[in-house]
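**Q** Below is the structure I would like to discuss, written out as C-alpha cells.
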Amino acid sequence: MNKSYNFLLAGVGGQGTILASNLLAGVGLAAGFDVKKSEVHGMAQRGGSVNTHIRWDAERVYSPLIGLGEADMLLVFERAEALRYAAFLRPGGTAIVDEQTIVPITVTAGGAHYPTAEELAAVYGQLTDRLYVVPGSAIARELGNARIANVVLLGALSTFLEVSPEIWLQVIQARVPPRFVELNRQAFLRGRRAVAAGQSADQAG
Amino acid sequence: MKRLLSGNEAVARGAWEAGVKVASAYPGTPSTEIVEEFARFPNVYAEWAPNEKVAVDVAVGAAYAGRRALAAMKHVGVNVAADAVFYASMTGIEAGLVIVTADDPEMHSSQNEQDNRRYARFARIPCLEPSDSQEAKDLVGVALDLSEQFDTPVFLRLTTRLCHSSSAVELTDGGESSAPRQPFPDKFPRNPAKYVMVPGNARKKHPVIEERVRQLARFAETFPFNRVEWRDRSLGIVTCGISYQYAREVFPQASILRLGMTYPVPAGLIGDFAAGVERLIVLEELDPFLEEEIRLLGIPCEGKSIFPLCGEFDPRVVRDSAIRAGLLPESARVPVAELEKPEIPARPPVLCPGCPHRALFHVLNKRKVPVAGDIGCYTLGLLPPLSAIHTCGCMGAGIGQAHGAAQAGLAERMVAVIGDSTFFHTGMPALLNVAYNRSNVITVILDNRTTGMTGHQHNPGTGYTLQLRETPPIELEPLVRALGIERVRTVPAFHVKALDETMKEFLQADGPSVLIARGECALLPEARKRWLPLEVMADRCNGCTMCFRIGCPAILKSDELDEKTQRPKARIDRLLCTGCEVCAQVCPRGAILFRDQVQGVQA
C-alpha cells in the first residue's frame, strides 16, 4: 500500500463536492490512514467554484492543505473546474473528470469562453497520460438521480486505490440516509465499471 | 474511539465534555457550526442571539450566575462584541467563560483579515490557539479551567483553515466529563465591588487585571500546550495554530517552539529556546504578533521579513518564502508545471436560481439609484449583470451610510438594502436614526425568512429558536413603524412590477420609506417543494438578451440562433430552474412560460 495520498476534489457549489470529500476522508480513516480534510464554506458555495483537499498518510498528516503540483489525484465534477485546478496535479498523477459541463454566468451574460473537451485533453496531456473522462452525470441520470454523480466518480477513483470496495461501501452506508443506500451502492459500482470500460477501450485503441 | 471532526465540531464537543451549560452566538463564517453543533448535545442551552454583543453579554451573565458558558463568533463579530469583552475582562466571572473568535486569513468569507490576538492583549485576557481538531476539543476545557483559576474570560482563537479542516479526534466515551469542579452556588452573586464597574470600582480593578497578566505569563512557562520539539538546532521556529502544521511539513528537521497560548507569552521558555538555536524565526499568519512580543523581550528574531503579512499560508507559501530567505535550498522547491491553458471562465458566487433578491436588484439596476449594501447573500447583487450594490462595509452599515449621504445634501436619492437577519443584528438602531433625524432614505428590507449566507439559521423573524422551540415570530412591519417610519410597504419579492412601482413612488415621496421585499429563500425545504422548471417557447424568443440580464444561472444561451437577429435564443436548465418567474416577467415577447402555463402544457 502507498504511504500517502494527496487528493484534490473540485466542482461547482451544489454538486456534492463536500459530501464526496467526507466519504473519501472516512474511507481513509477506515483503511487505517491518518487523515485530514479541508474545505470552504459560506460565500463560495453559492454557485461558485468549490474545492476540497484530502490527505491520507500511513503515519501522520501535518498540513491540511496541498500545494500546487502536489496532488496525486484530482477528482473533478465539471469540465471548466478541471481546467481551473489542473496545476495542482503532480506530473504523472491521475485525474478523473466528469464530462459534465455547467456554464457559468460569465459565459452566458459576459461572453467568456467555455473550454472544449479537446482543450481539457490538451492541458492534461502536458501533465500526465492518466486523464479519465467519465460520464458520471449521465450515469447518475440513468440511475434516476442527477445528484449522485459525485458517488459515481468516487467509484471511478476507488479503482486506483488499494482499499477494498467493501470498506468504501461500509463508509457510504454509514454516511447516507437509509433510503439512499442502495442508490449510492449502485452509483459507486457503476463508477468502478466506467473506468474499467474506459481503460479496456484505450488498450483496444 | 477516533472520529473525524472539523475544528468547529471539536470545539462544540469539547464544550459539552467540559460542562458548558450556556452558549450564545450570531452566525458568521467560519464560526457558525460551533454553536449549531453544540445545540444538539443533551442538557445544554444554546441560542442564536441577534448579534455578537448580545451573545457575549448572555455568556457573561451565565458565567456570573455560576454556569460554564461560551460565546462564538467570526473575527469581525468581536468588533461588535468588543465593549462586552472589555468589561468582562475587568469584572471576571464566577464560572468559566470562553469566547471563541474565528479569524479568516485570506478573507474567504469576510471584509477584512484582522488578527484578533490583538484583542487579547488589548483586553488583557489570555488567548489559546489549537493546531488541529484534537487540540481544539482539548483546549476548550483548558480554557474554562484557566478562566476560573485566573478569574478572566479566555479567548479561544481559531482560523478558517482550522474551523473547516477535519482531523481525527479521540472521544471520551460517555461524553460529558464528570471531572469534579468547584461547586457553584445557585444564587446570582451580589458583589458590587466585583461586578459593578463604576469608576470607583473600576480604578481598583485595573491594577488587578494587569497583575493577572503577569501571573498568566508565569503560568505560561509550564503550560503543557506550550511545547518545544528539539531537533536540528541550526534553525528554531516559534509558531502557533495552523502554522505549526506547515512548519512541521516544510521543516521536518527544525526545532520548534509551538505556543498553545499566544497571549501572554512565556519569556523564560522563549529565551531558552532562542538561546538553544542558531537562527530564530517566527512563523505566524497575519500580524507579526508573536514576533513583536518576542522582540519586546529583547530577543532578536525574523518573521514578516520572510513570510507574508497578508493572506493565508499553505505549504507552498511557506516553502517558497523559506527558499527566498535562504532557509531551504533551491532543491527543496516543488516545481509547478507551466501549462498552456485556454482562458478559463471565472465562476464567481452568484445569486441562486430562484433567489428572492434578484427581482429587486433588477429594478434597482434599471432605476440607476445609488445603493448602500450590507452583509449577506444580497451583497452578490454587486456582480454584473445586476450591478446594483455600491457599498458593503460591515453588518448594519448600509442604512447609516445612506442616511449620511442623504444628509450631505446629494441630489440623488439614496437606497439602503439589508437582509432580515442583518436588520435585527445592527440595522434597527440605524433605521431608528433615519426616523429620528428625518432623511428621505429608502430602506429595503430583504425578508427571505432566514439567515441565508451562513446556511439557514433561525433568527427572531422565523418563529423558531436554534434548539427548535417555537417562539412568536417578530413581525417587521410593526417593528419598523415602532421605530418611527410611517411609510412602510410589504411587496412580494418576486413581483417585478410591484417592486418597480413601489420604488418609483418612494423615490418621489418626501421623508423616510421602508420597502419590505418578502419572499422565501429558494433553498428552504418548504420552498424546494414548490420548484417547477419553466420553459422557453423557442419560436417566440428572438435572442433579445433581456432574460440573460437578470443574472440567473438557470438561463443559458441555446445553440439555436434567431434567424433575423442571429443571436442565440434562451433556454432554461430544468435541473436548476425553480420557477420563480422573474425571467418570464422581464421577457418582452412572452417567450418564457409562467408556472400555470407550464402546468397547462404538461396537463
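**Q** Could you say which residue among A:Leu189, A:Leu127, A:Leu161, A:Leu154 is within 14 Å of chain B (Cβ to nearest Cβ) and either closer than 27 Å to A:Asn6 by Cα or among the hydrophobic types (A, V, I, L, M, F, W, C) (or both)?
**A** Working: A:Leu189 fails: within 14 Å of chain B (Cβ to nearest Cβ); A:Leu161 fails: within 14 Å of chain B (Cβ to nearest Cβ); A:Leu154 fails: within 14 Å of chain B (Cβ to nearest Cβ).
Answer to the check: A:Leu127.
**Q** I need the full set of residues from segment B:42-64 which are more than 17 Å from B:Val140 (Cβ to Cβ) and in a loop (DSSP other than H, G, I, E, B), in order please.
**A** B:Pro42, B:Ala49, B:Pro50, B:Asn51
**Q** Got a sec? Which of B:Leu283, B:Leu339 is on the phi < 0 side of the Ramachandran plot, surrounded by 23 or more Cβ atoms within 10 Å (Cβ to Cβ) and not assigned by TED's automatic domain parsing to the domain that holds B:Leu575?
**A** From the options B:Leu283, B:Leu339, the qualifying one is B:Leu283.
**Q** Another question, then. How many of the residues in segment A:152-164 are assigned to a helix (DSSP H, G or I) and farther than 9 Å from A:Leu189 by Cα?
**A** Taking segment A:152-164 and keeping what is assigned to a helix (DSSP H, G or I), we get A:152-158.
If we keep only those that are farther than 9 Å from A:Leu189 by Cα as well, we get A:153-154, A:157-158.
Of the residues in that region, 4 qualify.
**Q** Please pick out the residue among B:Gly400, B:Gly404, B:Gly419 that is within 30 Å of B:Pro525 (Cβ to Cβ) and modelled with pLDDT of 95 or more. So that I can check it myself, show each step before the final result.
**A** Details: B:Gly400 fails: within 30 Å of B:Pro525 (Cβ to Cβ); B:Gly404 fails: within 30 Å of B:Pro525 (Cβ to Cβ).
Exactly one residue qualifies, and that residue is B:Gly419.
**Q** Something else now. Do any helices (runs of 4 or more DSSP H) entirely within segment B:345-437 hold 2 or more residues that are surrounded by fewer than 24 Cβ atoms within 10 Å (Cβ to Cβ) and in contact (Cβ under 8 Å) with a residue 60 or more places away in the chain, and if so, which?
**A** Details: elements: B:358-367, B:397-407, B:428-437.
Helices (runs of 4 or more DSSP H) meeting the threshold: B:358-367.
**Q** Which members of segment B:313-328 meet the condition of being of a type in the set (Lys, Arg) and either surrounded by 21 or more Cβ atoms within 10 Å (Cβ to Cβ) or facing another protein chain (nearest Cβ under 9 Å) (or both)? Before the answer, list the steps.
**A** The initial filter retains those residues of segment B:313-328 that are of a type in the set (Lys, Arg), namely B:316, B:319, B:324.
Matches in segment B:313-328: B:Arg316, B:Arg319.
**Q** Mind checking which strands (runs of 3 or more DSSP E) fall wholly inside segment B:489-584 and carry at least 3 residues that are charged (D, E, K, R)? Write out each step before concluding.
**A** Details: elements: B:513-518, B:555-561, B:568-572.
In segment B:489-584, the matching strands (runs of 3 or more DSSP E) lie at B:555-561.
**Q** Can you name every residue in segment B:484-505 that is in contact with a Ser or Thr (Cβ under 8 Å, 6 or more places away or on another chain) and closer than 29 Å to B:Glu581 by Cα? Break it down into steps so the answer makes sense when it comes.
**A** Step one: list which residues in segment B:484-505 are in contact with a Ser or Thr (Cβ under 8 Å, 6 or more places away or on another chain), which gives B:485, B:487-489, B:491.
Within segment B:484-505, B:Arg487, B:Val488, B:Arg489, B:Val491 meet the criteria.
**Q** Testing B:Ala509 on (1) over 14 Å from B:Val582 (Cα atoms); (2) surrounded by 14 or more Cβ atoms within 10 Å (Cβ to Cβ); (3) small (Gly, Ala, Ser), one condition comes back false. Which one is that?
**A** (2)
Matching residues to (1) within 14 Å of chain A (Cβ to nearest Cβ); (2) farther than 23 Å from A:Arg55 by Cβ; (3) at pLDDT 95 or above:
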residue: B:Ser131; (1), (2), (3): yes, no, yes
residue: B:Ala136; (1), (2), (3): yes, no, yes
residue: B:Ala143; (1), (2), (3): no, yes, yes
residue: B:Glu148; (1), (2), (3): no, yes, yes
residue: B:Val154; (1), (2), (3): no, yes, yes
residue: B:Cys163; (1), (2), (3): yes, no, yes
residue: B:Pro180; (1), (2), (3): no, yes, no
residue: B:Pro183; (1), (2), (3): no, yes, no
residue: B:Arg190; (1), (2), (3): no, yes, yes
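**Q** From the list A:Ile105, A:Ile148, A:Ile96, A:Ile139, pick out the single residue that is of a type in the set (A, V, I, L, M) and at the interface with another protein chain (Cβ under 9 Å from one of its Cβ atoms).
**A** Numbers: A:Ile148 fails: at the interface with another protein chain (Cβ under 9 Å from one of its Cβ atoms); A:Ile96 fails: at the interface with another protein chain (Cβ under 9 Å from one of its Cβ atoms); A:Ile139 fails: at the interface with another protein chain (Cβ under 9 Å from one of its Cβ atoms).
Result: A:Ile105 is the single residue among A:Ile105, A:Ile148, A:Ile96, A:Ile139 that is of a type in the set (A, V, I, L, M) and at the interface with another protein chain (Cβ under 9 Å from one of its Cβ atoms).
**Q** Among the residues of segment A:72-83, is any modelled with pLDDT of 95 or more, among the small types (Gly, Ala, Ser), surrounded by 22 or more Cβ atoms within 10 Å (Cβ to Cβ) and within 25 Å of B:Glu343 (Cα to Cα)? So that I can check it myself, show each step before the final result.
**A** Filtering segment A:72-83 down to residues modelled with pLDDT of 95 or more leaves A:72-83.
Those still in the list that are among the small types (Gly, Ala, Ser) too: A:80, A:82.
If we keep only those that are surrounded by 22 or more Cβ atoms within 10 Å (Cβ to Cβ) too, we end up with A:80, A:82.
Retained after the next criterion (residues that are within 25 Å of B:Glu343 (Cα to Cα)): A:80, A:82.
Within segment A:72-83, one or more residues are modelled with pLDDT of 95 or more, among the small types (Gly, Ala, Ser), surrounded by 22 or more Cβ atoms within 10 Å (Cβ to Cβ) and within 25 Å of B:Glu343 (Cα to Cα).
**Q** On the given criteria, is B:Asp562 assigned by TED's automatic domain parsing to the domain that holds B:Phe423 and either at pLDDT 95 or above or not polar (S, T, N, Q) (or both)? Even if it seems obvious, please write down each step before you answer.
**A** Numbers: assigned by TED's automatic domain parsing to the domain that holds B:Phe423: no; either at pLDDT 95 or above or not polar (S, T, N, Q) (or both): yes.
Answer is no for this residue.
**Q** Within segment A:93-112, which residues are modelled with pLDDT of 85 or more, among the hydroxyl-bearing types (Ser, Thr, Tyr) and either in a loop (DSSP other than H, G, I, E, B) or within 13 Å of B:Ile555 (Cβ to Cβ) (or both)?
**A** Here is the first cut: in segment A:93-112, the ones modelled with pLDDT of 85 or more are A:93-104, A:106-107, A:112.
Filter once more, keeping what is among the hydroxyl-bearing types (Ser, Thr, Tyr): A:94, A:101, A:106.
Result: A:Thr101, single match.
**Q** Also, quick follow-up: Among the residues of segment B:62-80, count how many are without any contact (Cβ under 8 Å) to a residue 60 or more places away in the chain and within 28 Å of B:Ser109 (Cβ to Cβ).
**A** 7
**Q** Which numbered condition in (1) more than 13 Å from chain A (Cβ to nearest Cβ); (2) assigned to a helix (DSSP H, G or I) is the only one that B:Cys310 fails?
**A** Of the numbered conditions (1) more than 13 Å from chain A (Cβ to nearest Cβ); (2) assigned to a helix (DSSP H, G or I), the odd one out for B:Cys310 is (2).
Residue-by-condition table, conditions (1) buried (at least 24 other Cβ atoms within 10 Å of the Cβ); (2) in a strand (DSSP E or B); (3) within 9 Å of chain B (Cβ to nearest Cβ); (4) at pLDDT 95 or above:
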{"residue": "A:Val35", "(1), (2), (3), (4)": "yes, yes, yes, yes"}
{"residue": "A:Arg55", "(1), (2), (3), (4)": "yes, yes, no, yes"}
{"residue": "A:Tyr62", "(1), (2), (3), (4)": "no, no, yes, yes"}
{"residue": "A:Leu68", "(1), (2), (3), (4)": "no, no, yes, no"}
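**Q** Does B:Thr502 qualify as being farther than 21 Å from A:Ala109 by Cβ, without any contact (Cβ under 8 Å) to a residue 40 or more places away in the chain and among the β-branched types (Val, Ile, Thr)? Break it down stepwise before answering.
**A** Details: farther than 21 Å from A:Ala109 by Cβ: yes; without any contact (Cβ under 8 Å) to a residue 40 or more places away in the chain: yes; among the β-branched types (Val, Ile, Thr): yes.
In short, yes.
**Q** Continuing with the same structure: Scan segment B:438-464 residue by residue and report those that are touching a strand residue (DSSP E or B) at 6+ places or on another chain (Cβ under 8 Å), within 14 Å of chain A (Cβ to nearest Cβ) and either assigned to a helix (DSSP H, G or I) or over 27 Å from B:Met503 (Cβ atoms) (or both).
**A** Selection gives B:Gln457 alone.
**Q** Would you point out which residue out of B:Thr465, B:Thr443, B:Thr471 is crowded, with 20+ Cβ neighbours inside 10 Å and closer than 24 Å to B:Glu520 by Cβ?
**A** Numbers: B:Thr465 fails: crowded, with 20+ Cβ neighbours inside 10 Å; B:Thr471 fails: crowded, with 20+ Cβ neighbours inside 10 Å.
It is B:Thr443.
**Q** Residues of segment B:548-571 being within 9 Å of chain A (Cβ to nearest Cβ), basic (Lys, Arg) and in contact with a strand residue (DSSP E or B) (Cβ under 6 Å, 6 or more places away or on another chain), which ones?
**A** B:Lys557
**Q** Could you list, in sequence order, all residues of segment B:515-534 that are touching a Cys at 6+ places or on another chain (Cβ under 7 Å) and either at pLDDT below 95 or under 30 Å from B:Ile399 (Cβ atoms) (or both)?
**A** We begin by selecting, within segment B:515-534, every residue touching a Cys at 6+ places or on another chain (Cβ under 7 Å); these are B:522-523, B:527, B:533-534.
Once the filter is applied, which keeps residues that are touching a Cys at 6+ places or on another chain (Cβ under 7 Å) and either at pLDDT below 95 or under 30 Å from B:Ile399 (Cβ atoms) (or both), segment B:515-534 yields B:Ala522, B:Leu523, B:Ala527.
**Q** Which residues, counting only those in segment B:24-41, are surrounded by fewer than 24 Cβ atoms within 10 Å (Cβ to Cβ), part of a loop (DSSP other than H, G, I, E, B) and touching a residue at least 40 places away in the same chain (Cβ under 8 Å)?
**A** Within segment B:24-41, B:Ala39, B:Phe41 meet the criteria.
**Q** What do you reckon, is B:Val336 closer than 30 Å to A:Val123 by Cα and either of a type in the set (S, T, N, Q) or within 28 Å of the chain's Cα centre (by Cα) (or both)?
**A** On the way: closer than 30 Å to A:Val123 by Cα: yes; either of a type in the set (S, T, N, Q) or within 28 Å of the chain's Cα centre (by Cα) (or both): no.
Here the answer is no, as B:Val336 does not meet what is asked.
**Q** How many residues are away from chain A (no Cβ under 14 Å) and on the phi > 0 side of the Ramachandran plot if we restrict to segment B:379-427?
**A** Count: 2.
**Q** OK, next. Only one residue in B:Ala372, B:Ala388, B:Ala322 is more than 24 Å from B:Ala430 (Cα to Cα) and hydrophobic (A, V, I, L, M, F, W, C), so which one is that?
**A** B:Ala322
**Q** Check whether at least one residue in segment B:465-483 is within 14 Å of chain A (Cβ to nearest Cβ) and touching a Ser or Thr at 6+ places or on another chain (Cβ under 7 Å), and report yes or no.
**A** Quick first cut of segment B:465-483, residues within 14 Å of chain A (Cβ to nearest Cβ) only: none.
No - not one qualifying residue is present in segment B:465-483.
The values are calculated or read from the model by the stated rules, or taken from the named source; none is laboratory data. If you're wondering where the values come from, they're calculated on a predicted model, not measured in any experiment. Glycine also receives a Cβ, built like all others from the backbone with ideal geometry; neighbour counts cover every protein chain displayed.
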